[in-house]
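Worksheet: the structure to be examined is printed underneath.
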Amino acid sequence: MPNAPRWRIKKNSENKNVFWYGYKLHLAVETKSQYLLAHLLSSGNMNDAKAAIPLLKGVAERFPFLNITKVMADAGYDYNPIYEQIYRMKADGIIAYNKRNEAPPIGVDKYFAPTCVREHSYRYDSYDAKYETLKYTRPKECKGCPLADDTLCQKVIKIKKTIDLRRYPAPARGSRAWKKLYKERTSVERVNAYLKEYFQLNNVRYRSGELAKVHVDLLCLLFNASKLAVDRINTKLNDKAA
């Protein structure tokens, strides 16, 4: 992992270029508790996706007892190798889709749900974990359609997610369940903000990558220890109130 300070350029929310010199911290966060599960320090010009697989492997090796079922990430992590690593962990990748100038697929909608002959989208119904298949049911627009009884317009369509882990996570893209899970991704942004505001992460100023790594390791350790202390105090207060 390159950890020498480097220049980095990135688009901000106003679509303007932002430059900085230094390091980048990659985090794996448990979305419910917001504890840090793993972190990596790299050069500032390191692509986020390149750190994803080492982070995931680190979490799997360090916490084999955790039942990880979903991994949430933004569109910067939308790469097939990342989905494959998540699948090897027996989990699903809830990752925003990045089109990357891909040609629009035929026979499916923007969420890759199959469409009928009139291009109405099938509705995601459920996921069968045993057979790893997503179940879609006929669109409500097809009710009363003269083609409804045609073989081209099936009542139920089942798609095995392993045909394309990127396009067919469980739950299906665009579904309410998928959107609800994806919102949990903001946990990592909150933890990053806490580290910068309360733990002086932005003040890591070393020319040596090794010194910077030690500093960041101590900050992450202190963050988890502080959070554990606060959680224990809150538990005692709640028990006392009860």
> Within the stretch 184-203, is there a residue that is under 30 Å from Pro114 (Cβ atoms) and out of contact with any Cys (no Cβ under 8 Å at 6 or more places or on another chain)?
Replying inline: yes
> So Lys135 fits all but one of (1) assigned to a helix (DSSP H, G or I); (2) surrounded by 13 or more Cβ atoms within 10 Å (Cβ to Cβ); (3) modelled with pLDDT of 95 or more; what number is the exception?
Replying inline: (1)
>> Which condition from (1) touching a residue at least 40 places away in the same chain (Cβ under 8 Å); (2) under 22 Å from Lys227 (Cα atoms); (3) surrounded by fewer than 16 Cβ atoms within 10 Å (Cβ to Cβ) is the one that Asp74 breaks?
In response: (2)
>> Gly93 - would you say it is of a type outside the set (Ser, Thr, Tyr), modelled with pLDDT of 95 or more and touching a helix residue (DSSP H, G or I) at 6+ places or on another chain (Cβ under 7 Å)?
In response: yes
> Based on what the data block shows, is Lys155 surrounded by 14 or more Cβ atoms within 10 Å (Cβ to Cβ), over 30 Å from Tyr21 (Cβ atoms) and either among the β-branched types (Val, Ile, Thr) or not assigned by TED's automatic domain parsing to the domain that holds His39 (or both)?
Replying inline: no
> Does Glu210 satisfy the condition of being touching a residue at least 60 places away in the same chain (Cβ under 8 Å), farther than 20 Å from Asn80 by Cβ and out of contact with any strand residue (DSSP E or B) (no Cβ under 7 Å at 6 or more places or on another chain)?
Replying inline: yes
> Condition test on Pro81, is it in contact (Cβ under 8 Å) with a residue 24 or more places away in the chain and on the phi < 0 side of the Ramachandran plot?
Replying inline: yes
> If Asn224 passes every condition in (1) assigned to a helix (DSSP H, G or I); (2) of a type in the set (S, T, N, Q); (3) out of contact with any Phe, Trp or Tyr (no Cβ under 7 Å at 6 or more places or on another chain) but one, which one does it miss?
Replying inline: (3)
> Checking Arg232 against (1) at pLDDT 95 or above; (2) assigned to a loop (DSSP other than H, G, I, E, B), which test does it fail?
Replying inline: (2)
>> Out of Thr137, Thr162, I need the residue that is within 30 Å of Arg88 (Cα to Cα), more than 24 Å from the chain's Cα centre (by Cα) and not assigned by TED's automatic domain parsing to the domain that holds Leu36. Which one?
In response: Thr137
>> Any residue at all in the stretch 192-200 that's over 24 Å from Ala73 (Cβ atoms), assigned by TED's automatic domain parsing to the domain that holds Asp92, exposed (fewer than 14 other Cβ atoms within 10 Å of the Cβ) and not basic (Lys, Arg)?
In response: yes
> In the stretch 8-87, which strands (runs of 3 or more DSSP E) lie fully inside it and hold 3 or more residues that are out of contact with any helix residue (DSSP H, G or I) (no Cβ under 8 Å at 6 or more places or on another chain) and under 25 Å from Ala212 (Cβ atoms)?
Replying inline: 17-29
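The values are calculated or read from the model by the stated rules, or taken from the named source; none is laboratory data. These numbers come from a predicted model, not from an experiment. Using ideal geometry, Cβ is built from the backbone for each residue, glycine included, and neighbour counts are taken over all protein chains shown.
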